[in-house]
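Everything on this sheet refers to the single structure shown next.
The values are calculated or read from the model by the stated rules, or taken from the named source; none is laboratory data. Quick caveat, the model's predicted, so the values are computed rather than measured. Neighbour counts run over all protein chains shown; Cβ positions are idealised from the backbone, glycine included. All accessible areas refer to the heavy atoms of the entire protein, side chains included, with ligands and DNA or RNA removed. Shrake-Rupley method; radii C 1.70, N 1.55, O 1.52, S 1.80 Å.
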Amino acid sequence: MNRPSVPSVVVPLLTALVTLGVLTAWTAAGNAGRPARLSIPEGRVLIPSGTEATAAFFTLRNTGGADDVLTGVTGPAGHRAMLSRTVDIGHNARSMAMVRAATVPAGGALTMTPTTLDVMVSPPPRLAPGDRLTFTLHFRDSPPRTVRARAVRPGG
């Protein structure tokens, strides 16, 4: 009769017990099943210097226990809004690339800046300092969020 050796039984059993202990502790700490919890304060939109496009920036905070994904944005009526990212194309030149989605990490933030991720708005609306535009941010798991961005001069 072939009997399994003691080490071949003990190792899987200990692994299962340790895994169960870690999952129990994680659940007891309140982390199991906690969805993303997003907060998005007022953003800013650059007063356009040209006629092609401008950009808006937001900081998306997630105090929940799960990542969420920003999947798109709807801008003011008559203007296209899309996620974009600045990419280096060589020889000290940069270009814009459209982005399909961006992760908002659990317990963290997704911060948009002029040199990283932004919301490109085309054609740019006429804006004066302090004007506000309304956007709707769309997510994989959370409901859409309507947010505002205050117009500022570039560098402001």
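Points to keep in mind about this one:
- Solvent-accessible area, 1.4 Å probe, carbon plus sulfur percent, for region 29-156: 50 percent
- On the beta carbon distance between Thr51 and Val87, with R0 = 25 Å, the FRET formula returns roughly 0.65.
- Measuring how big region 88-148 is from its alpha-carbon positions, Rg and Dmax come out at 14.6, 42 Å.
- Short-range pairs are left out: with C-alpha atoms under 8 Å and at least six residues apart, the relative contact order of region 43-128 is 43 percent.
- Residue ranges 62-75, 130-143 sort as 62-75, 130-143 when ordered by packing (mean number of other C-beta atoms within 10 Å per residue, highest first).
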